[in-house]
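Throughout, read-outs are computed from the coordinates displayed, never taken from laboratory work. Quick caveat, the model's predicted, so the values are computed rather than measured. Positions of Cβ are backbone-derived with ideal geometry, glycine not excepted, and every protein chain shown enters the neighbour counts.
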Amino acid sequence: MAASMYRLVYYSRNHIAHDQALFASNIQKILEKSRINNQRDEITGALLFNAGCFAQVLEGPLDKVEAAFERIQQDERHGDVSLLALDPISRRSFPNWAMGFIGTSDIQAKRFAGIGASTGFDPSRLSGDEIHALLRDLAIEEEAA
Amino acid sequence: MNVATSFPHITEAHSAGIPSAEQILESLPRSVLVVGSEGVVTYANRASMVSLAAVVGSEMRDLFPGCVLSLATMTGAPSCLLISRDGEKFDAGIAVLGAGQFLIDLRPSLDARTADMQGDLDELTGLTKRNGLLKHLSSALCSGPASSIAVHCLDLDRFKMINDTLGHAVGDLLLKKVADRLTAACHKDDIVARLGGDEFVVLQRNVEEGTAETLASRIVDLIGRTYVIHGHTINIGASVGVAIGANALQDCDLLRNGDLALYEAKKAGRGRYRMFESGMDALLFARREMEIDLRRALALKQFKLNYQPFINVTTNRVDGFEALLRWEHPVKGNIPPLSFISLAEENGLIVKIGEWVMRTACIEAMSWPGEMIVAVNVSPLQFKADTLLDTVATALKRSGLPAHRLEIEITEGALLDDTDNVIQTLNSLRALGVKISMDDFGTGYSSLSYLQKFPFNKIKIDRSFVAGDDADSEAILRSIASLGTSLGMAITAEGVETAEQLARIRGERCTHVQGYFTGRPMGTDQIPVFLARNDLDERI
């Protein structure tokens with residue numbers, strides 16, 4: 001398995017309407033769907049989100065990562081997808097599938113704290129690696145944009 | 001037994017072993033209805049209850065929402081297409097029962113059954129193929145208002161490059177993903193078809209104000225998003241042409257209009273969609289007409305060469321003439337090269353036309369006095385055709401023109417692609433003894449590396465720098481001239497129209513001038529007279 005392990009990193013603009021309730025329910029739906037798909041496909045990683053963007057790290061077998069990325073590309077809840085990295089890796093950086101709010105809004109942070117806790121979202125993992133740190137910074141910038 | 005006429009009397013048939021007409025009708029696997037002239041169902045067999053939920057008292061317009069024709073008019077046709085609320089299609093046979101009653105025999109539509117059969121599906125993507133699309137299109141056109149359907153014709157931008165660089169296996173996987181994305185972008189009632197290669201068509205149904213534009217822009221967005229295949233990151237784009245059914249009488253018109261719009265989308269720069277507009281067909285029609293005329297022009301001898309002199313400013317003598325193509329159209333008169341060369345390059349006719357020019361110029365130059373040079377323009381497409389060297393060698397041999405009297409003018413465009421091959425051809429031409437010049441220098445990339453890669457005999461500076469009397473134009477003119485001179489190349493300033501311009505050129509190290517002031521283009525027969533005229537010396 002280690003031979004074909006890849007990491008894919010992207011970030012994209014959020015197209016979900018700026019309606020708080022709709023945004024929260026969409027995030028909930030994405031979480032439910034990702035949990036099922038990613039567990040099945042041995043994909044781990046992290047999805048960072050805020051009102052401005054999604055930023056995601058996918059780790060797993062190449063074919064599964066490609067299939068997951070294709071599903072993501074067909075999702076019209078976001079656009080302007082920038083693929084930042086697609087590289088073979090020797091080990092996973094994220095032990096499970098984690099989703100967490102990342103941004104400056106305290107209200108949003110509180111609202112999504114539950115999701116972060118339930119998925120084991122650990123912001124400190126985002127600083128260990130250059131591309132992860134870059135992703136985190138992009139996400140915070142995009143929220144402000 | 002004639003079911004249609006005996007049907008109302010279902011009581012007669014309980015004789016030994018023979019089922020009654022009613023039993024037969026009730027166990028018939030397909031739907032049969034009897035309907036009054038006002039469209040209310042008076043009898044529905046069991047199959048129709050199951051498949052259409054029809055009961056006595058149901059109304060035709062509820063069972064078949066798209067049905068607008070009256071039963072009386074439908075009777076005349078051998079069969080007509082009816083579509084149920086669930087979208088199921090039937091070829092309906094209608095018979096008059098008398099007393100204002102009609103029998104409707106509903107056979108599952110042949111179109112519906114065959115359109116999705118294996119043979120009609122594309123093996124690679126599982127999408128409908130051309131035949132299936134046409135069937136869906138014609139049934140959509142005859143079952144509802146034409147304005148409710150739209151076709152989206154699309155081409156992938158840069159697909160060939162992916163096939164060439166990453167191989168057909170990756171190309172095929174890419175086409176599959178494109179098919180998936182198209183299907184994801186469309187509504188389930190829409191039909192996505194692959195006509196071959198990277199050519200797809202979407203038949204959109206239930207179109208309302210603005211929804212065709214929305215779908216087209218969604219297609220452009222989704223198809224243009226990055227793909228990841230076997231670890232390769234792939235970026236392609238989609239160009240889309242959209243035609244809405246209104247005003248289109250036939251399915252082929254609609255597809256043609258979609259293609260016209262697609263052509264415009266590609267022309268406008270790809271990665272975008274264009275809606276069909278009625279002017280587009282006129283534009284393309286005119287272009288098509290010109291193409292037909294252009295294909296005949298050679299055989300009908302409508303081309304002619306004019307020659308414009310270029311003067312050596314150091315000796316004040318005419319060194320030679322540039323051959324300029326003229327098309328004398330029998331109806332439209334003189335058509336300037338700017339209006340037809342790009343078309344000839346697009347359809348490849350330029351190669352044949354170029355051969356004619358080369359041959360004719362060499363022959364005509366043989367009749368000129370002295371050692372006059374003839375300069376002939378060669379299109380970048382002629383380099384790609386791989387026959388240029390042969391064409392030139394043959395033209396020289398047949399005419400008897402010494403190679404040093406032929407000068408070939410190329411533009412930077414020829415050197416853009418496949419530079420090594422082009423340089424090789426230029427070297428072979430040079431080996432024949434032919435001169436090579438760089439035309440229109442200063443307008444394109446003006447890349448100095450081209451001047452370094454091949455030792456041109458001459459650089460022709462574009463007319464815009466001669467016409468401009470500002471300090472910038474003058475500085476550019478001077479720099480190119482001094483650059484060329486240092487490289488040992490002759491320099492021609494083009495478009496000289498006034499004595500003042502000529503005087504300025506003389507001061508800028510240009511070796512040659514060409515323009516209206518020193519001589520307009522003329523027919524080959526006027527050349528001896530022109531050369532004999534003594535006022536030339538006075539002017540220059």
Dipole of chain B, positive end: most advanced residue of B:216, B:284, B:532 [Cβ charges, Cα centre]: B:532
Can you compute the FRET efficiency between residue B:332 and residue A:15 using 1/(1 + (r/R0)^6), with r the Cβ-Cβ distance and R0 = 51 Å? Round to the nearest 0.05. 0.45
For chain A, set up a Gaussian network in which alpha carbons nearer than 10 Å are linked by springs, and say which option among A:70, A:59, A:42 fluctuates the most. A:70
Based on alpha-carbon positions alone, could you give the equivalent ellipsoid semi-axes of the range B:426-533 from the gyration tensor, as √(5λ), descending, whole Å? 23, 21, 11
Please arrange B:425, B:214 by how many other C-beta atoms lie within 10 Å of their C-beta, fewest to most. B:214, B:425
Can you tell me the Rg and the Dmax, both Å, for the Cα atoms in chain A? 14.1, 44
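Counting only other residues whose beta carbon sits under 11 Å from that of residue B:356, what net charge do I get with K and R as +1, D and E as -1?
That sum, taken over residues with Cβ under 11 Å, equals +3.
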Amide H contacts under 5 Å for residue B:372, restricted to residues at least 5 apart in sequence or on another chain and with H modeled in the peptide plane, are none
For chain A, what is the mean residue ellipticity at 222 nm derived from helices alone (per DSSP H run of n ≥ 4: -39500 (n - 2.57); sum divided by total residues; nearest 500 deg cm²/dmol)? -13000 deg cm²/dmol
Report the Cα-based extents of the range B:324-366 along its three principal axes, largest first, to the nearest Å. 31, 23, 15
At q = 0.12, 0.13 Å⁻¹, what base-10 log of I(q)/I(0) does the Debye formula yield for the range B:112-276 when every alpha carbon is treated as an equal point scatterer in vacuo? -0.49, -0.57
Pseudo-spin-label distance residue B:417 to residue A:107, built 7 Å along Cα→Cβ, given in nm, is 5.7 nm
Could you work out the equivalent-ellipsoid semi-axes for the range B:353-492, taking the square root of 5 times each eigenvalue of the Cα gyration tensor, largest first, in whole Å? 27, 18, 13
So who's got an amide H within less than 5 Å of the one on residue A:6, skipping anything under 5 residues away but keeping other chains? H placed 1.01 Å off N, in plane. A:60, A:62, A:89
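Just tell me the longest site-free run in chain B, where the sites are GluC sites (Glu not before Pro) in a DSSP loop having at most 12 other beta-carbon atoms within 10 Å.
Counting only loop sites that pass the neighbour cut-off, the longest clear stretch is B:372-540.
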Among beta bridges that DSSP assigns inside chain B, antiparallel share in %, nearest 5: 70 percent
If all Cα-Cα distances of the protein assembly as shown are sorted into 10 Å bins from 0 onward, what percent lands in each bin, rounded to whole numbers? 3, 11, 14, 14, 14, 15, 13, 8, 5, 2, 1, 0, 0
Net charge dipole size for chain A [Lys, Arg +1 and Asp, Glu -1 on Cβ; Debye, nearest 20]: 460 debye
Rule-of-thumb check for chain B: C-alpha Rg over 2.2 N^0.38 Å? 1.47
